[in-house]
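A.B. asks: Handing you a structure now.
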Amino acid sequence: MLNRSLSKKRRGYEVLMKALMLLSVGLTAALVLFLLVYVLIEGIPNITWELISTKPSYLTGHIGILPDILNTVCIVIATLLIVLPLGVGAAIYLTEYASNKKVVGIIEYAAETLSGIPSIIYGLVGMLLFSNNMGTSLMAGACTLVIMNLPTIMRTTQESLKTVPQSYREGAFGLGAGKWRVVRTVVLPGCVDGVITGCILSVGRILGESAALLFTAGFAHTMLTFPTGMKSPGATLTVALYVYAKEQGEFGVAFAIAAILMVLTVIINFAATAVQKHFEKRKNI
Amino acid sequence: MSNVINVKDMCLWYGEHQAIKNVNIEIPEKSITAFIGPSGCGKSTFLKTLNRMNDLIPGVKITGDIRYEGTDIFAKDIDVNNLRKEIGMVFQKPNPFPMSIYDNIAYGPRTHGITKKTELDEIVENSLKRAAIWDEVKDRLKKNALGLSGGQQQRLCIARALAVDPKVLLMDEPTSALDPISTSRIEELVLDLKETYTIVMVTHNMQQAVRVSDYTAFFLLGELVEFGRTEDIFSQPQDKRTEDYITGRFG
């Protein structure tokens, strides 16, 4: 009745498939861990207080990345200041006001596509559009990053707007509230989590962006002041990493920057998860 | 007794589909009118037309004449927000906003320009008292309204609707999501409220219609089949279809 040879064959097959999958997960884990550990081991010994608190000088050959850190902060702030009102505003219009579903669909599809194209293309367009007009500068870089992050902010806000129950809107309309009041008092508070998540994802993307900034924000390591310095060129951490590694052969400095960026990315990912959890908890009261 | 709402030859289409056919009805003041009928007969849709909540649904077309206290509610110079202040609404599922009990009640008055703290306090207290929920929540007005039970949430929503001082209250199956005890509390409350307000209520529950309403309208397939005093409708219906429905032969 029980076919022993068949069941043996099946068992062998099971074991083989399990082993193959184990192998792939092992390889994946090894690669990821290797990258993390390697960057940290190479980078952390090179991170000194002097490195992150001084500016570089070509005269003395001294290297410091404080200007690059500040430039990164400036670009992050400037980008968010522009992209937030734009993205959130567009999302509100598309979800709450727009009545032509076809047009909304086209815009959503375009945004989706926009978020998938290689960043170097943004750089190229940003150079022609912004750098040629306002000069290679932090501002031109920020403007380029605005286009890049617009879809992220818009889509996360939209998704979160869609989770606000229709019954809240009905309740508010039923009390005689006008459209904008409903949006401001009932809909927007319900989508704060989406906006914050979008922001954190965008900050992560800005920190990690180099290709788009190579074209638009330049390589200068000078100390700039916010916001007047926005019209001058300046390198962010990622661009500085590229410059130190590729053009000056300072791999120690490059790895130090890499380690800093990696730790920041980890922190940002934690923050995004924490925010989402916090708001989920609040919604389930 | 005068009529608050007069409807003449009203039809409503969702796109190509006609959901309401030539409805004529006059809703008497300070009384409870129940709309009964099987699912999908258009009674909820009709109710939502009375304060133009159907405006929110794309593709809805309405013809005919609906007058609230003599004014055409579809006239160009009508402010729909003021109309909804006069004709309040309570929904099938309790839908308090995710904010404090106090802010829920104060939402309507604030919408219509009342900002003085003392005035708001008074409105909040009075509305909660009229909705028979004051004693249960007076110690936790600052707590989130979503922490209340379903029945309490529904009475809170009634209080919220009363806070803007409406004349008419539309209730769309206000007890269908509630347990029997909460249901009977809401029914008692509604009976109290008809001293002051005109109440129009959609219900799936024929006993409920008999228990609380003064007038009953029976809808079927988008038509208003019969409208009259509740005791007449349930004891001697004029139309064969009404009789079949209330004796449980379909629906």
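A.B. asks: Please identify, among B:Asp135, B:Asp65, B:Asp165, the residue showing maximal mean-square fluctuation in a Gaussian network model of chain B using a 10 angstrom Cα cutoff.
C.D. replies: Evaluated over chain B, the most mobile residue of the options is B:Asp135.
A.B. asks: Using only atoms on other chains, find how many Cβ atoms lie within 10 Å of each Cβ of peptide A:90-101 and report the average.
C.D. replies: 0
A.B. asks: Let me ask something additional. Calculate how steeply helix B:117-130 sits against the longest principal axis of the alpha-carbon atoms of chain B, using the helix alpha-carbon long axis, and give the answer as 0 to 90 degrees to the nearest 10.
C.D. replies: Once rounded, one gets 50 degrees.
A.B. asks: Once you average over the residues of A:165-172, how many Cβ atoms of partner chains fall within 10 Å of each Cβ?
C.D. replies: Counting Cβ atoms of other protein chains within 10 Å of each residue's Cβ and averaging gives 6.
A.B. asks: At q = 0.06, 0.09, 0.13 Å⁻¹, what is the log10 ratio I(q)/I(0) for the protein assembly as shown, with the Debye formula run over Cα points and no solvent?
C.D. replies: The computed values of log10 I(q)/I(0) come out as -0.49, -0.82, -1.17.
A.B. asks: Per residue, how much accessible surface does segment A:50-284 expose to a 1.4 Å probe? Answer in Å², no decimals.
C.D. replies: 46
A.B. asks: Over every pair of different alpha-carbon atoms in chain B, take the mean of 1/r and invert it; report that Kirkwood radius in Å.
C.D. replies: 18.7
A.B. asks: Oh, and also: Between A:Ser57, A:Ser24, A:Ser137, where does the largest GNM mean-square fluctuation fall for chain A, given springs only between Cα atoms within less than 10 Å?
C.D. replies: Maximum among the listed residues: A:Ser24.
A.B. asks: Can you give me the span-like helices of chain A, meaning DSSP H runs with 18 Å or more of Cα extent along the axis and Kyte-Doolittle mean at or above 0.0?
C.D. replies: A:4-43, A:66-92, A:101-114, A:138-162, A:192-208, A:251-283
A.B. asks: Residue farthest toward the positive end of the dipole of the protein assembly as shown, with Cβ of Lys/Arg at +1 and Asp/Glu at -1: which of A:Val187, A:Val125, B:Phe35?
C.D. replies: Of the listed residues, the answer is A:Val125.
A.B. asks: Using DSSP to call loops (not H, G, I, E or B), can you name the chymotrypsin sites (Phe, Trp or Tyr not before Pro) in segment B:56-144 whose Cβ has at most 12 other Cβ atoms within 10 angstrom?
C.D. replies: Loop-located and lightly packed - none at all.
A.B. asks: Let me ask something additional. Any chance you could list the semi-axes, whole Å, largest first, of the equivalent ellipsoid that the Cα gyration tensor gives for chain A, using √(5λ)?
C.D. replies: So the equivalent ellipsoid measures 37, 35, 18 Å along its semi-axes.
A.B. asks: Under a Cβ-Cβ cut-off of 9 Å, what is the net charge of the residues other than B:Phe74 that fall near it, where Lys and Arg count +1 and Asp and Glu count -1?
C.D. replies: Residues close to B:Phe74 contribute a combined charge of 0.
A.B. asks: Pop a pseudo-label 7 angstrom from the Cα along the beta-carbon direction at both A:Leu264 and A:Thr228 and give the gap in nm to one decimal.
C.D. replies: Between A:Leu264 and A:Thr228, the simple spin-label model gives 2.5 nm.
A.B. asks: Which is farthest toward the positive dipole end of segment A:2-46 among A:Gly12, A:Leu35, A:Leu22, measuring Cα position about the Cα centre, with Cβ charges +1 (Lys, Arg) and -1 (Asp, Glu)?
C.D. replies: Checking the options against the dipole of segment A:2-46, the answer is A:Gly12.
A.B. asks: Karplus couplings for segment B:36-43 from phi (6.51 cos²θ - 1.76 cosθ + 1.60, θ = phi - 60°), rounded to Hz, Gly and Pro as x?
C.D. replies: 10, x, x, 4, x, 8, x, 5
A.B. asks: Can I ask one more? Among the GluC sites (Glu not before Pro) in segment B:148-251, which ones are in a DSSP loop with at most 15 other Cβ atoms within 10 Å of the Cβ? Mind listing them?
C.D. replies: B:Glu195
A.B. asks: For the residue pair A:Ile41 and B:Asn3, what label-to-label distance in nm results when each label sits 7 Å from Cα along the Cα-to-beta-carbon direction?
C.D. replies: Placing both labels 7 Å beyond Cα along the Cβ direction yields 8.9 nm.
A.B. asks: Summing +1 for each Lys or Arg and -1 for each Asp or Glu, what net charge is found among the other residues whose Cβ lies under 15 Å from the Cβ of B:Ile123?
C.D. replies: Every neighbour counted, the sum reads +2.
A.B. asks: Also, I was wondering about something else. Strictly over 18 Å apart at the Cα level, which of B:Lys85/B:Lys167; A:Lys179/B:Lys129; A:Lys102/B:Lys76; B:Lys21/B:Lys93 would you flag in this model?
C.D. replies: A:Lys179/B:Lys129; A:Lys102/B:Lys76; B:Lys21/B:Lys93
A.B. asks: Per-residue accessible area for B:Lys142 at 1.4 Å probe radius, Å² rounded to 10?
C.D. replies: 150
A.B. asks: Using θ = phi - 60° and the Karplus relation 6.51 cos²θ - 1.76 cosθ + 1.60, list the HN-Hα couplings for segment B:228-238 in order, rounded to whole Hz, with x at every Gly or Pro.
C.D. replies: Working through the residues one at a time gives x, 4, 4, 5, 5, 4, 8, 9, 9, x, 7 Hz.
A.B. asks: State the volume of the convex hull built on the alpha-carbon positions of segment B:23-134, expressed per residue in Å³ and rounded to an integer.
C.D. replies: 162
A.B. asks: When we measure straight from the Cα of A:Lys101, which lysines land under 18 angstrom away, once same-chain ones fewer than 8 places off are left out?
C.D. replies: Qualifying lysines at Cα under 18 Å: A:Lys162.
The values are calculated or read from the model by the stated rules, or taken from the named source; none is laboratory data. Keep in mind the model is a prediction, meaning the values are calculated, not measured. Positions of Cβ are backbone-derived with ideal geometry, glycine not excepted, and every protein chain shown enters the neighbour counts. Surface areas here come from the heavy atoms of the whole protein model, side chains and all, with no ligands, DNA or RNA. Shrake-Rupley method; radii C 1.70, N 1.55, O 1.52, S 1.80 Å.
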